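Reviewing the structure listed below.
The values are calculated or read from the model by the stated rules, or taken from the named source; none is laboratory data. For clarity, every value in this text was computed on a predicted model and none was experimentally measured. Backbone-built Cβ (ideal geometry, glycine too); neighbour counts: all protein chains shown. To get the accessible areas, we keep the full protein, side chains included, count just its heavy atoms, and leave off ligands, DNA and RNA. Shrake-Rupley method; radii C 1.70, N 1.55, O 1.52, S 1.80 Å.
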Number of protein chains: 2
Amino acid sequence: MVNGYTGNILRVDLTNGKILIENPEEIFYRRYIGGEGFVAYYLLKELKARIDPLGPENKLIFAAGSLTGFAIPGTGRNSVGAKSPLTGGFGEAEVGGYWGAELKHAGFDAIIIEGKAKNPVYLWINDGKVEIKDASHLWGKITGETEAVIKKELGDKLIRVAQIGPGGEHLVRYACIINDLRNAAGRTGMGAVMGSKNLKAIAVRGHKKFAVKNKEKLRAKIKEFNEVAYKSFSGYFKYGTGYGIMEQFASSGNLPTRNFRDGDFKGAKVLDPGIMKEEIGLKMEACYACSIRCKKIVEIGEPWNVDPIYGGPEYESIGAFGSNCGVDDLRAVCKANELCNKYSIDVISTGVSIGFAMECYENEILTDEDTDGIALNFGNAEAVVKMVEMIAKREGLGDILAEGVKRAAEKIKNGADKYAMHVKGQEIPMHEPRLKQGLGVGYTISPTGAEHMANLHDTSIASERAMASHSAIGILEPLKIDDLGIKKVRALVYYTNWQNSLNALLMCYFVPWDYVDIPEIVRAVTGWHTSTWELMKVGERITTMARAFNMREALTKKDDWLPERFFKPHTSGALVETAIKPDELKNAIINYYKMMGWDDDGIPTKSKLEELDIDWVSQYL
Amino acid sequence: MVNGYTGNILRVDLTNGKILIENPEEIFYRRYIGGEGFVAYYLLKELKARIDPLGPENKLIFAAGSLTGFAIPGTGRNSVGAKSPLTGGFGEAEVGGYWGAELKHAGFDAIIIEGKAKNPVYLWINDGKVEIKDASHLWGKITGETEAVIKKELGDKLIRVAQIGPGGEHLVRYACIINDLRNAAGRTGMGAVMGSKNLKAIAVRGHKKFAVKNKEKLRAKIKEFNEVAYKSFSGYFKYGTGYGIMEQFASSGNLPTRNFRDGDFKGAKVLDPGIMKEEIGLKMEACYACSIRCKKIVEIGEPWNVDPIYGGPEYESIGAFGSNCGVDDLRAVCKANELCNKYSIDVISTGVSIGFAMECYENEILTDEDTDGIALNFGNAEAVVKMVEMIAKREGLGDILAEGVKRAAEKIKNGADKYAMHVKGQEIPMHEPRLKQGLGVGYTISPTGAEHMANLHDTSIASERAMASHSAIGILEPLKIDDLGIKKVRALVYYTNWQNSLNALLMCYFVPWDYVDIPEIVRAVTGWHTSTWELMKVGERITTMARAFNMREALTKKDDWLPERFFKPHTSGALVETAIKPDELKNAIINYYKMMGWDDDGIPTKSKLEELDIDWVSQYL
């Protein structure tokens, strides 16, 4: 098995300033690969049970993947993980950009941050050398300013910075970590954990070159990609995510509207990135080594003043601040998105928290007194933008919303909880589970709470055409979108395990490589004689380890459930006769457990752990 | 998913002469692929529970694979299945040669034989046309004569014949089906089922050509094979199986000696195919389209008179009639092998049955009276050859031994059962479970009873070098041979599932293609976007369906056990301190069940069936 694919893991204890470099054996790399795999491994092995996620005992892990740093489209990503202050369970998020590749070039596959610095610090990793540097002068600064200062004081414009803005410093429970100013490790509050450690930023720079085991095969694969696959993605590199789907999502009932309350949104059309390009102007950029330039850059003048250094909104952002808040003002959406990147707070949780507050306001559970006079009606674009600032700075109502909708509803009381759209405390992304019902099940069982990434978008397996790809993992028949039968659950199991494997490799989901291509690429890069089977099992390993982590944190099967709202149909739009049936959902969840080899309570069985070659996990259950 | 890969299944009811041609949908082909997959599907779906395996209600299925008939090394094989008269459970055997490919060229992927002909018949399949022909004049003939007559009367020398000799006619419970005179679908008594149906032979001839979906890729793959992989197999095509290992097997304790009683065999060296070539002369031939010519052809004059049209002995034959009977006379071994092919009885079960009788004789449980005066001492080469004839013709003691050692011991009584080396009634192949302990577990849980093919040969995962290949399915560490821990069981699970997938594709285990090559070949041939994952799951599906079949036939976990002999060490040789510990075996079996997603009684769970996309199986459990 020896192919020489190993590397360095950096361990930094901020409490005592200790810096260690570890060199795990190759088998560790192969069994967990990187990214979410490393995160799951270290969190489970090294965290004590039931620690305070915002205390010094939590560990914050940055992990690149086996493919990161190589010139392969889709691999310019890294993962960040810790116990989540939002869910109290497994926290993990992936992010694109350039930082992950730079970390690898600087000599490290991953960083484990331990303890808590006395005063604000940042980490400076320069071609294998590691320094903990004072960041007192940076604390309180927005991301754009921090990056500029760091680049200046270290004297290198090509430094890459992952960092938190004021949102992270203020421990907004869904604060994110921003790198290159416009890429967010968005979900599960990793920015709050970073803030709790007084760690403002990690600056990296490196020149290390890696050998590809089979250059010729890799080159051929990328050539094939540039000739065929990538050409079919023209929409993506002209307009990025959201293009051409806003109106269709609205009409099919998939577009979350007014805090998931409504089934249609007339303003959907004007939120389309096509319109964005036409009316505002749109530039595109790529992540490291990617030929699919799907990242938007937006510049807007008065009165919104959107700074292009913060990029532009993805579909999730457009949905969260647009339809979900009843807003059809594209410029306001772009501004809200920009602020989230400035302050380092997650666009989805922020938008859904604001939508929640709006519904509370319209139902008089929140009043003008609570909002400092802001009229929090659905559709009030200015109010949305204002609330983003208030959340990031924990001002007024923002302080309550910064806790996430679950905790906010508990504070607000008066029935606010029925408007709190979350699973396990994490706000629900911009895909309607009443339409995509398999995704609804995915929301309930995802270890990070409601998650749209490692999840089954039912539409993707609803057509004969899609089967061409998914047949590689044995999903042979198109399945109805609003079905929760065993075949759908089976597809969910396979699909999410695969995606968690991509989260270990840190291969972007948007790159049109699939179950057959990816093992070829991993083979070419690492020299491992790997297969779809092995990678699927890596993914299953991760799903299971993350579940085990949650079980240790006293999350139970009761936490695997959807908000009541989704059990009733919309009152308008396409889904006036469609809702999730609680019995069907319950069955689907139990079927998911069992197909995963978990028991009736969703606890991984010893035999499944053994089959996955991670029997060491059983000690934590 | 539509790639147009479908074909014809021929259904022949011998009771009423009805001939049907069926065209399953492509998804059937993809889910079960062919060979053992088809066998498991039809036996489970179409047989009534607990029928007499030698009655007209049993069905005999001949199935080629998706790759059979294409010019791909290793694919000239077919599978034969029915309820086994030897085990009372799932019966299935694979065979090489030319018949399977000819069947495909004649227009059929599989044949389902139902009912029972009133008088002996044979089937004549000629380019899609099917005739049931009288075989009264063939009944009683040895295979060589039958083939000659059929070729002559049908007027085509290139006809391929699968048939039974007198062993099948006499319903020897381990009668096999012989094609091309020297290839045997050897195990589980498929020849007895054929005999019970009064079906003497199936003659096939065809000229159908198949389109390969991706000719270029397939050509490149075969070129790569001929340049690299196949060169590393020089021993195989000079001497076939057994070459260079006889002495090594004897000294390591792996060579079954005197009915598995002893731990060393001084005569091992002279049984080596290298000696065979030197002293007797050895020609080699190949199966259809195979560049590895691993099939021996032996010609010997007086007194043995071994006819080369019946090929030569494989390793299993050499072990069964050689060391296992204490015989070190290579010519006698070749004769015993030739007789088995003439009479269509399985070499392993025949040899082990004779070894059993020899041990009974040496322990005075059988006397000269029982043996008609034959001195059945270990080492008596002439007695072995004589007994083969007597078994095939059910003469004297042969009539008892023709029932297999389990039933023979029940008839002989007086403690004979402790010398009956079988699992589920099927005689144990020529690999010592005290040495290869994972294989010992494999013997217990194999659906066909003791089986050496779809099994884990522990030696194959004991070296770092072997990991290069097996790492593709996540077996990352070399494992000790005499270990029965969870990692070994995990390897057994993965390995046997893979092999059952090869048994569906009908890819020979001896061709040095592996987990990564085979999906590429299937993709090139069928156009299916398949992967190692999908093929592993096909294998798991088959293992599970075969298990379900056995459960329906009232086999239970009690039938998953080894003969007591293996719980004590040898009294000489390498294994004087090594034996299987019953507690470890018991644990390993239960761990196997659980890792397979079966319950504590070894019954596949509903969720596992659902996960494998075969929930229809649950109705039979």
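Computed over protein heavy atoms with a 1.4 Å probe, the accessible surface of the stretch A:437-620 works out to 29 Å² per residue.
Centre-to-centre separation between the Cα atoms of the stretch A:1-33 and those of the stretch A:109-184: 22 Å. Between the stretch B:190-223 and the stretch A:200-248, what is the C-alpha centre distance in whole Å? Distance between centres, Cα-based: 44 Å.
Placing dummy labels 7 Å off each Cα toward the beta-carbon, the span from residue B:554 to residue A:23 is 6.4 nm. Debye calculation, C-alpha points only, no solvent: report log10 I(q)/I(0) for the stretch B:89-190 at q = 0.09, 0.14, 0.16, 0.23 Å⁻¹, in the same order as the q values. Per q value, in the given order, log10 I(q)/I(0) is -0.21, -0.53, -0.72, -1.62.
In this Cβ point-charge picture (+1 for Lys and Arg, -1 for Asp and Glu), the stretch B:437-620 has a dipole of about 180 debye about its Cα centre. Full extension of the chain between residue A:364 and residue A:238 yields a length gain of 41.1 nm, computed as 0.36 nm times the residue separation minus the alpha carbon distance.
Its residue count N fixes a reference of 2.2 N^0.38 Å for the stretch B:9-205, and the Cα radius of gyration divided by that reference is 0.91. When the helices of chain B are scored as -39500 (n - 2.57) per DSSP H run of n ≥ 4 and the total is divided over every residue, the value at 222 nm lands at -10500 deg cm²/dmol.
Cβ under 13 Å from residue A:227's Cβ, residue A:227 left aside: what net charge do those residues give with Lys, Arg +1 and Asp, Glu -1?
+3
Summarising the label geometry, the points placed 7 Å from Cα in the beta-carbon direction at residue B:586 and residue A:153 lie 6.8 nm from one another. Roughly how large is the A-B contact in terms of buried accessible area, totalled over both chains, probe 1.4 Å, nearest 100 Å²? Protein heavy atoms only, the A-B interface buries about 3700 Å².
Each other residue within a Cβ distance under 12 Å of residue A:94 adds +1 if Lys or Arg and -1 if Asp or Glu, for a net charge of -1. The Kirkwood hydrodynamic radius of the stretch A:296-355, based on inverse pair distances between different Cα atoms, is 11.0 Å. Loop-resident trypsin sites (Lys or Arg not before Pro) (DSSP state other than H, G, I, E or B) in the stretch B:143-179 with no more than 11 further Cβ atoms inside 10 Å of their Cβ: B:157.
Per Stokes-Einstein, at 4 °C and 1.567 mPa s, what whole-number D in µm² s⁻¹ belongs to the stretch B:423-531, with the Kirkwood radius over Cα pairs as the hydrodynamic radius? Estimated via Stokes-Einstein, D reaches 89 µm²/s. Between the stretch A:462-535 and the stretch B:543-596, the C-alpha centres lie 36 angstrom from each other. Each Cα pair of the stretch B:533-619 feeds into the Kirkwood radius, which the Stokes-Einstein equation turns, at 10 °C and 1.306 mPa s, into a diffusion coefficient of 108 µm²/s. Projecting the alpha carbon convex hull of the stretch A:138-223 along each direction and taking the average yields 7.6 nm². Accessible area per residue was computed with a 1.4 Å probe on protein heavy atoms; residue B:611 scores about 10 Å². Taking 0.36 nm per residue of separation and subtracting the current Cα-Cα distance, fully stretching the chain between residue A:464 and residue A:372 would add 27.8 nm. Within the accessible area of chain B, the carbon and sulfur atoms contribute 49%, probe 1.4 Å, all protein chains present.
Each pair of Cα atoms in the stretch A:234-427 enters the Kirkwood radius, and Stokes-Einstein at 4 °C and 1.567 mPa s then converts it into a translational diffusion coefficient of 78 µm²/s.
Rank B:458, A:615 by accessible area, highest first, at a 1.4 Å probe radius? All intermediate terms of the calculation are to be shown ahead of the outcome.
Numbers: B:458 0, A:615 55 Å².
Highest to lowest solvent-accessible surface, that is A:615, B:458.
Long hydrophobic helices in chain A: none of the complete DSSP H runs spans 24 Å or more by Cα along its own axis with mean Kyte-Doolittle hydropathy of at least 1.6. Rounded to the nearest 0.05, the FRET efficiency derived from the C-beta distance between residue B:275 and residue B:307 at R0 = 22 Å is 0.60.
Positive end of the charge dipole of chain A (Lys, Arg +1 and Asp, Glu -1 on Cβ, about the Cα centre): tell me which of A:96, A:220, A:485 has its Cα farthest that way. Going by the Cα projections, it comes out as A:220.
Computed with every protein chain present, the accessible area of residue A:124 is close to 20 Å² [probe 1.4 Å]. Ordering B:207, B:137 by accessible surface, largest first, gives B:207, B:137; the 1.4 Å probe counts only protein heavy atoms, with every chain in place.
The fraction of all Cα pairs in the stretch A:437-620 landing in successive 10 Å bins from 0 to the largest distance is 9, 36, 35, 17, 3, 0, given as whole percents.
In plain terms, if you count all Cα to Cα distances in chain A and split them into 20 Å steps from zero, the share in each step is 21, 59, 19, 0 percent. Convex hull volume per residue, computed on the Cα atoms of the protein assembly as shown, equals 158 Å³.
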